[in-house]
Amino acid sequence: MMLARVAGTLVATDKEPSLEGLSFRVLSQLDVDNSETGTYVVAVDAIGAGVGEVVMYASGSSARQTEATDGRPCDAVIMAIVDTWEVNGEEQYRK
Amino acid sequence: MMLARVAGTLVATDKEPSLEGLSFRVLSQLDVDNSETGTYVVAVDAIGAGVGEVVMYASGSSARQTEATDGRPCDAVIMAIVDTWEVNGEEQYRK
Amino acid sequence: MMLARVAGTLVATDKEPSLEGLSFRVLSQLDVDNSETGTYVVAVDAIGAGVGEVVMYASGSSARQTEATDGRPCDAVIMAIVDTWEVNGEEQYRK
Amino acid sequence: MMLARVAGTLVATDKEPSLEGLSFRVLSQLDVDNSETGTYVVAVDAIGAGVGEVVMYASGSSARQTEATDGRPCDAVIMAIVDTWEVNGEEQYRK
Amino acid sequence: MMLARVAGTLVATDKEPSLEGLSFRVLSQLDVDNSETGTYVVAVDAIGAGVGEVVMYASGSSARQTEATDGRPCDAVIMAIVDTWEVNGEEQYRK
């Protein structure tokens, strides 16, 4: 999984019918030191993550292993809001 | 999912029989600020997106989760026409 | 899908039994302006594409959605010979 | 599979219900000479790997082929603790 | 599929039980002119490829389409030993 900050929202009215009701979020990928990498991806929000929150997202077929995304043309899903992580014994982020 | 502008069309008469009747679009990937990244991909159009429209596409096995692409050798599909997105509270694009 | 020119052939006698009888092609990836990117991949030929032809190939699990590749350890397949494509109203290639 | 050193841990309380009870590890990818590449990924730990250990991880749908991750939105899993590897007859790492 | 030279071996005693008995190989990816790209990957050997041999490997879910790797957390598999390939009519490698 990759780390990201929820940077914004996206609206798409005209879409595959199976995507009706899903929330799309624009994610800004984070490096392990909590800095932004400059890479963006659009993900479905399966857990209710607000703009500004730091999250983990899964890609590929694994992005369809939630009730919200099962069987839908979705290749990235927010599956957790991150509380904290540490690297080499140093905390890099705390919610 | 990634953002893209529909840049053009592609015709392929001699192809896997299961692809008969599908429309192929040449997509120019967009960055989050709506600028073109210079990366291109060919996707199946599952929703009727015209040239010039800004869309989202899904890749990999997720690209087969539409009626048009189910069970077909297709690894990228247009699954939504984008109305608008915003990043850090600023609108980046509006249809 | 990605665009490529069939650059050559590959022979492998000692292989997974399920791959028996398949044809392997060395593909030179094409950019959208029909120039070679310098990236190569080996793909199974599901449609009878000759050396020199411009084709589309699918990657990942989608590469197994043909009769030739179903259930086989193959992650890239030629699924169409391209007739023509255009970008921003200009033809980039014609067979 | 890729090689990595377990660099740290990650805690996420608010997550997809199916992920309850899984341990997340921050992995620092290793090059074949056992140096760090600077690339990080978050993986589920399926085998009890401690911080500092050198491991292999699998990505994509293959990351769901363990009892811990089956059917869950997880795209990277630690599936082995590495004892040793060698390249061109020279040992690069020993536990 | 990608081309590689089998550069070495890897031993991992403590691993997912389903991986018991599999052989891991360190692969050095080859470019189409048979030069090494400097990229390495660890793959399961499904066909008995020795160190030094030039092989093809498949990635992702396709790496599980062999008897050895079916249902296992493996994302790269050696599925063929290469005899020869040619590009633009010139032989690039012969076993």
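Only the coordinates and a few stated rules stand behind these numbers; no lab work does. Just so it is clear, the model here is predicted, and its values are computed rather than measured. Backbone-built Cβ (ideal geometry, glycine too); neighbour counts: all protein chains shown.
If you go through segment C:75-93 and pick out every residue that is assigned to a loop (DSSP other than H, G, I, E, B) and facing chain B (nearest Cβ under 7 Å), you end up with 3.
Scanning segment D:6-31 for residues that are crowded, with 21+ Cβ neighbours inside 10 Å and more than 28 Å from A:Ala49 (Cα to Cα) yields a single hit, D:Leu30.
Scanning segment E:1-31 for residues that are among the β-branched types (Val, Ile, Thr) and in contact with a Gly (Cβ under 8 Å, 6 or more places away or on another chain) yields E:Val6, E:Val26.
All of D:Ala43, D:Ala7, D:Ala12, D:Ala68 fail the test of being more than 9 Å from the chain's Cα centre (by Cα) and closer than 20 Å to A:Ile78 by Cβ, apart from D:Ala12. Filtering segment B:33-43 to residues that are more than 7 Å from chain C (Cβ to nearest Cβ) and crowded, with 23+ Cβ neighbours inside 10 Å leaves only B:Ala43. In segment D:57-95, of all residues being over 30 Å from D:Leu19 (Cβ atoms) and aromatic (Phe, Trp, Tyr), the one that is surrounded by the fewest Cβ atoms within 10 Å (Cβ to Cβ) corresponds to D:Tyr93. In this structure, does E:Val54 turn out to be of a type in the set (Val, Ile, Thr) and under 25 Å from C:Asp45 (Cα atoms)? It is true that E:Val54 is of a type in the set (Val, Ile, Thr) and under 25 Å from C:Asp45 (Cα atoms). Against the conditions (1) crowded, with 23+ Cβ neighbours inside 10 Å; (2) away from chain C (no Cβ under 14 Å); (3) under 26 Å from A:Ala58 (Cβ atoms), B:Ala49 satisfies every one except (3). Of all positions in segment B:40-58, none carries a residue that is closer than 26 Å to C:Asn34 by Cβ and free of Cβ contacts under 8 Å to residues at least 12 places away in the same chain. Do the conditions hold for E:Val26, that is, is it more than 9 Å from every other protein chain (Cβ to nearest Cβ), touching a strand residue (DSSP E or B) at 6+ places or on another chain (Cβ under 7 Å) and not aromatic (Phe, Trp, Tyr)? Taking the combined requirement at face value, the residue does not satisfy it.
Please determine, by comparing only the residues of segment D:12-23 that are more than 8 Å from chain A (Cβ to nearest Cβ) and touching a strand residue (DSSP E or B) at 6+ places or on another chain (Cβ under 8 Å), which one is nearest to D:Ala68 (Cα to Cα). Ranking the candidates gives D:Leu22 first.
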